[in-house]
1. Taking the condition of a type in the set (A, V, I, L, M), within 19 Å of L37 (Cβ to Cβ) and at pLDDT below 95, does A73 pass?
2. Inspect all residues belonging to the stretch 189-196 and state whether any of them is open to solvent by less than 50 Å² (accessible area, probe 1.4 Å), under 24 Å from F254 (Cβ atoms) and out of contact with any strand residue (DSSP E or B) (no Cβ under 6 Å at 6 or more places or on another chain).
3. Within 16 Å of ligand 2 (Cβ to nearest atom), under 27 Å from L47 (Cβ atoms) and of a type in the set (A, V, I, L, M): does that describe I253?
4. If a residue has to be more than 16 Å from ligand 2 (Cβ to nearest atom) and either outside any helix (DSSP H, G or I) or surrounded by fewer than 23 Cβ atoms within 10 Å (Cβ to Cβ) (or both) to count, how many in the stretch 22-45 make the cut?
5. What number of residues in the stretch 244-269 are more than 19 Å from the chain's Cα centre (by Cα) and open to solvent by less than 70 Å² (accessible area, probe 1.4 Å)?
6. Considering only residues that are surrounded by fewer than 18 Cβ atoms within 10 Å (Cβ to Cβ) and of a type outside the set (A, V, I, L, M), which ones fall in the stretch 162-178?
7. Determine, yes or no, whether H207 is in contact with a Pro (Cβ under 7 Å, 6 or more places away or on another chain) and open to solvent by 20 Å² or more (accessible area, probe 1.4 Å).
8. Scan the stretch 68-75 and tell me whether some residue there is away from ligand 2 (no atom under 16 Å from the Cβ) and over 29 Å from F174 (Cβ atoms).
Amino acid sequence: MRIAVANNKGGAGKTTAIAHLAEALAARGRRVLAVDLDPQANLSRRLGYGEADLTEMVTAAEVVAANQKGCAADAVVGCRWTLPADPDLAARIDLVPARYDLEARVAEAGQLGSHERLDVALTGVAEDYDVTLLDCPPSLGHLTQLGLAAADTVVLVLRPEYDHLQGAIRVRDFVAAYRRHLGRPELAVSGVIVNEHDRRRGLHAWHTDSVAETFGGLVWSPPVPSRAVLAEAIDAAQPLRARGAPARPLVEIFSTLADQLEVRLDAAV
Ligand SMILES: Nc1ncnc2c1ncn2[C@@H]1O[C@H](COP(=O)(O)OP(=O)(O)OP(=O)(O)O)[C@@H](O)[C@H]1O
Ligand SMILES: [Mg+2]
């Protein structure tokens with residue numbers, strides 16, 4: 001199953017959700033392909049590939065330009081996390097990395113059928129994995145459209161704040177309005193992850209209610225709390241399991257969110 005993770009608002013936690021859902025799924029034996037569709041290449045770095053590495057690599061930029069069936073295979077690399085307690089975890093996560101020049105593909109958006117190029121590239125490749133997670137940039141432009149056109153479903157990530165909720169609603173409405181044009185007439189939002197929830201902020205409690213009113217049963221629980229240990233794992237490009245006892249509650253939370261993803265997986269079979 002291919003899942004586009006999106007919000008038309010930056011800094012919501014899309015990349016964080018992908019990295020640590022991938023971790024949770026891999027920990028239970030699932031094979032995960034993470035596809036970086038953001039020229040910021042944050043997901044690529046968090047799975048172990050910094051800017052210097054990426055210069056030499058085949059990335060989503062070349063894969064989309066090639067527009068050949070299955071050519072994403074040329075870009076697939078392994079996750080570089082090291083985790084002595086579970087050395088096989090990282091081996092179950094693969095990555096199609098991105099580089100800053102993925103932005104150049106945007107200029108080709110006007111070419112007929114160009115939005116289908118990632119879907120074509122992943123054909124016969126994504127099938128080797130239980131889950132493919134597509135990390136969209138915080139826009140509704142061509143790179144996100146490539147992700148949506150290659151996706152079976154959409155998961156939104158937001159902070160319980162006004163601009164984040166609006167960004168998530170725009171994605172939902174964009175999908176509803178354009179799914180036929182994207183060649184995915186069935187595409188819809190199937191999950192909403194609330195991130196950086198801070199119980200001490202009244203605002204967050206209030207907006208958590210608006211998120212529930214807007215998205216109803218699509219909201220996955222629990223919300224991911226705002227925690228320094230998560231920001232530290234992100235910064236150090238490590239799995240949560242490498243951060244010891246302080247990260248354990250977050251390991252549990254991402255595992256519970258992964259359960260909700262698995263329900264969609266099982267329903268899709
Ligand atoms: N639950 C959390 N607790 C603490 N810090 C967090 C949490 N989630 C995200 N962050 C912080 O917020 C930053 C942005 O998160 P992330 O990169 O996942 O967002 P994004 O939606 O992918 O952003 P972009 O729109 O730029 O792609 C992270 O670098 C991290 O420092
Ligand atoms: Mg991101």
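The values are calculated or read from the model by the stated rules, or taken from the named source; none is laboratory data. Predicted model, so just to flag it, every value in this text is computed and none were measured. Cβ sites come from the backbone with ideal geometry, for glycine too, and all protein chains shown count toward neighbours. We work out accessible area using only protein heavy atoms, side chains counted, and drop any ligands, DNA or RNA first. Shrake-Rupley method; radii C 1.70, N 1.55, O 1.52, S 1.80 Å.
1. Details: of a type in the set (A, V, I, L, M): yes; within 19 Å of L37 (Cβ to Cβ): yes; at pLDDT below 95: no.
No.
2. Kept after step one, since they are open to solvent by less than 50 Å² (accessible area, probe 1.4 Å), are these residues of the stretch 189-196: 189-195.
In the following step, the residues that additionally are under 24 Å from F254 (Cβ atoms) were identified as 189-195.
Cutting the leftovers down to out of contact with any strand residue (DSSP E or B) (no Cβ under 6 Å at 6 or more places or on another chain) gives us 194.
Scanning the stretch 189-196 turns up at least one residue that is open to solvent by less than 50 Å² (accessible area, probe 1.4 Å), under 24 Å from F254 (Cβ atoms) and out of contact with any strand residue (DSSP E or B) (no Cβ under 6 Å at 6 or more places or on another chain).
3. Details: within 16 Å of ligand 2 (Cβ to nearest atom): no; under 27 Å from L47 (Cβ atoms): yes; of a type in the set (A, V, I, L, M): yes.
Answer is no for this residue.
4. Of the residues in that region, 7 qualify.
5. Result for the stretch 244-269: 3.
6. Of everything in the stretch 162-178, those that are surrounded by fewer than 18 Cβ atoms within 10 Å (Cβ to Cβ) and of a type outside the set (A, V, I, L, M) turn out to be Y162, D163, Q166, R170, D173, Y178.
7. Numbers: in contact with a Pro (Cβ under 7 Å, 6 or more places away or on another chain): yes; open to solvent by 20 Å² or more (accessible area, probe 1.4 Å): no.
No.
8. Within the stretch 68-75, the first condition is being away from ligand 2 (no atom under 16 Å from the Cβ), and the residues that meet it are 68-75.
Now restrict to residues that are over 29 Å from F174 (Cβ atoms): 73-74.
Among the residues of the stretch 68-75, at least one is away from ligand 2 (no atom under 16 Å from the Cβ) and over 29 Å from F174 (Cβ atoms), which makes the answer yes.
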